[in-house]
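J.: Got a structure for you, written out below as structure tokens; questions coming shortly.
The values are calculated or read from the model by the stated rules, or taken from the named source; none is laboratory data. All of these numbers come straight from a predicted model, not from anything done at the bench. Neighbour counts run over all protein chains shown; Cβ positions are idealised from the backbone, glycine included.
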Amino acid sequence: MEKHHLYQPIGTLPGVGEKRAKIYQKLGIETPYDLLFHFPRTYIDFTAPVKIADTENGVYAAVKCRVVQRLAPAFVRKGLSFYRVVVTDGDSDFVLVFYNTPYTYQAMKAGDEYYVYGKLTGGFTRREMQAPQVQKAENALLLQPIYPQTAGLTSVMIRTNVARALQILEQEPIETLPAKLRAAYQLCGLNDALRAVHRPQSAKELEAAQHRLAFEELLQFQLGTLMLRHYSTAQTASAKMENADLSDFFGAIPFSLTHAQQHAIEVICSDLCRAKPMNRLLQGDVGSGKTVVAAAAAAFAAKNGRQTVLMAPTEILAQQHLQTLTEFLSPIGISPVLLTGSTKAKEKRAIKAQIADGTAQVVVGTHAVIQKDTEFNDLGLVITDEQHRFGVAQRAALAEKGGFPHKLVMSATPIPRTLALIIYGDLDITVLDEMPKGRLPIQTFAVTGGYRERAYSFIREHLDKGEQAYLVCAMIEESDQLENVQAAESYAESLKTGAFANYRVGLLHGKMKPQDKEAIMAAMKAHEIDLLVCTTVVEVGVDVPNATIILIENADRFGLAQLHQLRGRVGRGQVQSYCILVTDSRREDARERLKVMSRTANGFAIAEEDLKLRGPGDFFGHAQHGMPPLMQAAFCSNMPLVSETQAAAKSLLERDPELRSPEVQPLRTAVLTLFAKNGENGLN
């Protein structure tokens, strides 16, 4: 039987070709089917065109117009020519200006009607629309899709290729949801949804299409995570552990554990003694003390003769975990080792030999620990930090190193429980909801740019006391799109020669080499830097107890969850700490978000507020490796959709735990494809 044409290589689609196919592959689009799921990021609305007299300069507008005449082309210089067409909206004339596009100009005949969209400029006597989007009125698409693009690929190209893919879909229809399920939840068919999301005839039709696609995307993900949970609980752990005495570990810790930490350790150790592999999420706010819980679990495994590996998303964080775990475990005779991409070859070989023969009881690392040539002697416990940066696939790849080891996932990202059940649907959840004693609440202030000099003076006072500070920028390079955002590089330079000329100013950003980042953070920790100018690379895990102030420029550009993570870089010692949020935004929603930050330090309360203010998109906006993009779900800020898909997934699996019946085979295939990279510990 011939393969469905939607699943052929994207290069076989008429109008694509080899060169464009390679560009599509950069976007993860391998087939026409993938292209149909490359959804528009927005739409130009031509359904209510305006009159030119009602528009302001500098504003984009959609106008219905008729061609009056074409003016003579102007050839300015080699490589630059422009073409002008006089049009009227029935009341006023204006001019369309095209650059180096003679085809559109030549196609526009006097008397023809068009819809145009662009930015208006000009004076009272002659208004202009520069480089407008143009479509003929007689066959216009009144809600015109605009797609996520990349270099060498325009929205017009994508629209043209999508149209050909839709022709194939019309000839060879597809459907993934059973008819009974569609009827129960009043969902349109997949073919209709895909056509409508790319070529909507009305806002109502588009809304119905987006609802169907969002429903299925969430349903597939929840089915996958529930099936993973079922699969995990059906396995036997690689070896059941016995109860072990941790009194020497607790005696060596230089502080008292909170009740929440004690409870988490008890639950985890109980899990480790069961025959089923543990799959647990340890979710705790910034500074709640997750690492000591992880250390206790590693000590418990070591006392059972089993190895533990902790994988962190960055080398900086891995190095920090090594130091903390060494502090907790070395007093009881356990010496953790570090394995990262930048570990020197000779040292790497020696460490891998220790891992292979079991000498290394606790291994800390980055992605280097999941490479094929890293062999464990007896891996009993896998701990991953900041799960949202790894995703299901990498956790599974790491778990394959030891058959079916116990798995503990740590996350400092507070997520409302409903969303946590989606993202971590295959895990049991334990929450550290209590802060260690002695931690002073961070005082948070939201100010306008007019208070910046006073803020600088406040920071200098604290630096003079021997404390340290962070200044966070939203980006690292100048950008036309983000006006008034100070790039970190130029910002750092201006501070070195200006407000902080007498202090040691450092710079940390995401484009630096890993070894350079680590050198900067080591210098910050050693107090060789007083003030660190940085981007959000400092967001997760970096621990400098002497840092007491963080100033965040353009704070309105960050979500509440991210602001809370950034604020958590200070307040890690015994001295009062401060967070200063600087913004000149007049938007009410931005001001409300910053008020929330000033009111509460509770990460879970902040997460709930973020959900109300911004919808799920703020949580799903992070790259989730091995998870669906949830692009359509991000359109929907209504939690009833989440509840509906959870109920639908549970109902389907109660009747058919492995989705084997004929009517759900297409859905099963879609779920398996989604989780295909999860390896042997995933779905198969």
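J.: Restrict the check to region 69-85 and report whether at least one residue is under 37 Å from the mean Cα position of the chain (by Cα), at negative phi and surrounded by fewer than 16 Cβ atoms within 10 Å (Cβ to Cβ).
T.: No, the conditions are met nowhere in region 69-85.
J.: When both residues are 6+ apart or on different chains and their Cβ atoms are under 8 Å apart, which pairs have a first residue that lies in region 256-275 and is closer than 17 Å to MET410 by Cβ, and a second that is part of a helix (DSSP H, G or I) and among the small types (Gly, Ala, Ser)?
T.: Every condition considered, the pairs that remain are ILE265/ALA296; ILE265/ALA297; ILE268/ALA296; ILE268/ALA297; CYS269/ALA296; CYS269/ALA297; LEU272/ALA297; LEU272/ALA301.
J.: Quick check on region 476-497. Is at least one of its residues at pLDDT 85 or above and part of a strand (DSSP E or B)?
T.: no
J.: Sticking with this one: With respect to GLN222, determine if the residue is closer than 30 Å to PRO178 by Cβ, buried (at least 21 other Cβ atoms within 10 Å of the Cβ), in contact (Cβ under 8 Å) with a residue 12 or more places away in the chain and not assigned by TED's automatic domain parsing to the domain that holds PRO178.
T.: yes
J.: Is one or more of the residues making up region 513-522 touching a strand residue (DSSP E or B) at 6+ places or on another chain (Cβ under 6 Å), part of a strand (DSSP E or B) and modelled with pLDDT of 75 or more?
T.: Checking region 513-522: not a single residue is touching a strand residue (DSSP E or B) at 6+ places or on another chain (Cβ under 6 Å), part of a strand (DSSP E or B) and modelled with pLDDT of 75 or more.
J.: Okay, next question. Identify all residues within region 317-375 that are assigned to a loop (DSSP other than H, G, I, E, B) and either modelled with pLDDT of 90 or more or on the phi > 0 side of the Ramachandran plot (or both); write none if there are none.
T.: Answer for region 317-375, where residues must be assigned to a loop (DSSP other than H, G, I, E, B) and either modelled with pLDDT of 90 or more or on the phi > 0 side of the Ramachandran plot (or both): GLY333, ILE334, SER335, PRO336, GLY358, THR359, ALA360, GLN361.
J.: Within the bounds of region 19-29, is there any residue that is in contact with a helix residue (DSSP H, G or I) (Cβ under 6 Å, 6 or more places away or on another chain) and assigned to a loop (DSSP other than H, G, I, E, B)?
T.: Yes.
J.: Give the residues of region 53-68 that are more than 40 Å from the chain's Cα centre (by Cα), surrounded by 13 or more Cβ atoms within 10 Å (Cβ to Cβ), hydrophobic (A, V, I, L, M, F, W, C) and farther than 12 Å from TYR105 by Cβ, sorted by residue number.
T.: CYS65, VAL68 - these are the residues of region 53-68 that are more than 40 Å from the chain's Cα centre (by Cα), surrounded by 13 or more Cβ atoms within 10 Å (Cβ to Cβ), hydrophobic (A, V, I, L, M, F, W, C) and farther than 12 Å from TYR105 by Cβ.
J.: Same structure again: Of the residues in region 328-355, how many are of a type in the set (S, T, N, Q), within 16 Å of LYS303 (Cβ to Cβ) and surrounded by 16 or more Cβ atoms within 10 Å (Cβ to Cβ)?
T.: Counting residues in region 328-355 that are of a type in the set (S, T, N, Q), within 16 Å of LYS303 (Cβ to Cβ) and surrounded by 16 or more Cβ atoms within 10 Å (Cβ to Cβ) gives 0.
J.: Which residue pairs have Cβ atoms under 8 Å apart, sit 6 or more places apart or on different chains, and have a first residue in region 79-92 that is in the same structural domain as ALA110 (by TED's automatic domain parsing) and part of a loop (DSSP other than H, G, I, E, B) and a second that is of a type in the set (A, V, I, L, M) and buried (at least 16 other Cβ atoms within 10 Å of the Cβ)?
T.: Close Cβ pairs (under 8 Å, with a partner that is of a type in the set (A, V, I, L, M) and buried (at least 16 other Cβ atoms within 10 Å of the Cβ)) amount to ASP89/ILE52; ASP89/VAL63; ASP91/ILE52; SER92/ILE52.
Matching residues to (1) surrounded by 14 or more Cβ atoms within 10 Å (Cβ to Cβ); (2) closer than 30 Å to LEU13 by Cα; (3) out of contact with any helix residue (DSSP H, G or I) (no Cβ under 6 Å at 6 or more places or on another chain):
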| residue | (1), (2), (3) |
| --- | --- |
| PHE94 | yes, no, no |
| TYR105 | yes, yes, yes |
| LYS136 | no, yes, yes |
| ALA140 | yes, yes, yes |
| LEU153 | yes, yes, no |
| ILE158 | yes, yes, yes |
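J.: Test of understanding: among SER288, SER270, which residue is farther than 18 Å from THR359 by Cα, in the same structural domain as LYS407 (by TED's automatic domain parsing), crowded, with 23+ Cβ neighbours inside 10 Å and hydroxyl-bearing (Ser, Thr, Tyr)?
T.: Result: SER288 is the single residue among SER288, SER270 that is farther than 18 Å from THR359 by Cα, in the same structural domain as LYS407 (by TED's automatic domain parsing), crowded, with 23+ Cβ neighbours inside 10 Å and hydroxyl-bearing (Ser, Thr, Tyr).
J.: Suppose the filter is in contact with a strand residue (DSSP E or B) (Cβ under 7 Å, 6 or more places away or on another chain) and either among the β-branched types (Val, Ile, Thr) or buried (at least 17 other Cβ atoms within 10 Å of the Cβ) (or both); does GLY358 pass it?
T.: no
J.: Now a separate question. With the checklist (1) touching a helix residue (DSSP H, G or I) at 6+ places or on another chain (Cβ under 6 Å); (2) assigned to a loop (DSSP other than H, G, I, E, B) in hand, flag the one item ALA193 doesn't pass.
T.: Here ALA193 meets the rest and fails (2).
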